[in-house]
Amino acid sequence: MIKVEGLTKRYARTVAVDNISFEVEKGQIVGFLGPNGAGKTTTMRVITCFLPPTAGTARVAGFDVLEQPLEVKKRIGYLPESPPLYPDMEVSEYLTFVGKLKGLANADVPKRVNEVCERCAITDVKLRLIGKLSKGYRQRVGLAQAILHNPDVLILDEPTSGLDPKQIIETRELIRSLAGDHTIILSTHILSEVEHSCERVIIINQGKLVAQDTVTNLTNRLRGSESVAVEVAAANGNLNPGEVRQRLEQVAGVSRVVLKDTKANQCAFEVESMQGRSIRPEVARAVVTAGWDLNELRPIGFSLEDIFLQLTASEKAEKKSEEKPEEKQPEEKKAEAKV
Ligand code: ADP
């Protein structure tokens, strides 16, 4: 649905985006992650036809942002970091205005405005002035304007910035509920945001693409092994944690079993695999064939924070060794392989 190839954007003195390529499949929700100044907003502005690229291409639903910007804009809903709202307008008046701007048929506008108000939980403030709304409500009005013309693609730039924790949770839920119907790119510098809302993550740093993968794959790739939280229980009331532990240690591919907690008739472990081994199916089988109940079997990832620090540290290491070419060693190759 979105295809970015060799995209570069230079400002007068800065290369904000440096030869990045990525794709987003239909219906996916992808996190676009990077520290402030990484080039996220610039990339989004190119995809949404607000800025022309210096080099490379960006296509939305097969349409090129330079050659067919109108076709691209029809298919995109954009929520910039500061939503384009008019404080002196009432919510419904503003959405009606945006609906007409976006080319909805006059007769369809009221119905569609009602629908998006319901979807974004702003029906109760429809007749309020936008300038009098809380930041959380304003953000939802921003989302409502972005989805008004039912675009295939939603580009959301830091959608929860400046919101309080309750508003953050509500906004995340709303965004998650929009995935599936829409392909979503969600830009953020908040790592946990991506973990909560996104299936895939694209990480950029200093204008360069550092990684793109699922959160689980990224974690496993960096770590090379898998950690699993396992909770075992015994319906008959007899559970010996030592025995369970021994049984888990015998599972092929398991390198380590750590007892985390014991309660009446149940115990929790963290089980780690050997490099490159997937152990969840075997662990499940071992528990069930031993006659115990498997209450939980959950992969424990690294936090994205760990991933991000490791990836950007690899970048730094790479840069350093580029300064001293004679010292290029396997470490650098590893970093390159990760990119
Ligand atoms: P992010 O959204 O990840 O915080 P941006 O895309 O806003 O990053 O910025 C990337 C880089 O480009 C930064 O170094 C920023 O200072 C620079 N930049 C962004 N917009 C402009 C502009 N209009 N003119 C010049 N430099 C800019």
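Kirkwood radius for the stretch 126-273, taken over all pairs of different Cα atoms as the inverse mean of 1/r, rounds to 19.2 Å. Can you tell me the orientation of helix 280-289 relative to the chain, as the angle in degrees between its alpha-carbon axis and the longest Cα principal axis, to the nearest 10? So the helix axis and the longest Cα principal axis differ by about 50 degrees. Accessible-area rank, largest first, for 243, 71: 243, 71, with all protein chains present and a 1.4 angstrom probe. Both the radius of gyration and Dmax for the chain are 24.2, 72 Å, in that order, over alpha-carbon atoms.
Within the stretch 110-195, the ratio Rg/Rh, alpha carbon atoms throughout and Rh by Kirkwood, equals 0.95. Around residue 121, under 9 Å between beta carbons, what's the net of Lys plus Arg minus Asp minus Glu among the other residues? Neighbour charge sum, excluding residue 121 itself: -1.
Against the empirical 2.2 N^0.38 Å (N residues), the stretch 21-73 has a Cα radius of gyration ratio of 1.15.
Taking Cβ atoms as reference points and 13 Å as the exclusive limit, the residues near residue 249 contribute a net charge of -1, counting Lys and Arg as +1 and Asp and Glu as -1. Rg and Dmax of the stretch 1-133, based on Cα coordinates, read 17.3, 49 Å.
For the stretch 226-240, the residues whose amide N sits under 20 Å from a probe point set 7 Å from the Cα of residue 289 along the beta carbon direction are 230-235, 240. Taking Cα atoms only, the orientation of helix 135-147 departs from the longest principal axis of the chain by about 80 degrees. Per residue, the chain exposes an accessible area of 50 Å² to a 1.4 Å probe, with every protein chain left in place. Quick check: at a probe of 1.4 Å, how many percent of the accessible area of the stretch 1-111 sits on carbon and sulfur atoms? The computed percentage sits at 51.
The values are calculated or read from the model by the stated rules, or taken from the named source; none is laboratory data. Here the structure is a predicted model, which means the values were calculated and not measured. Cβ coordinates were reconstructed from backbone atoms using ideal geometry, including for glycine residues, and neighbour counts include every protein chain displayed. For accessibility, only protein heavy atoms count, side chains too; no ligands or nucleic acids. Shrake-Rupley method; radii C 1.70, N 1.55, O 1.52, S 1.80 Å.
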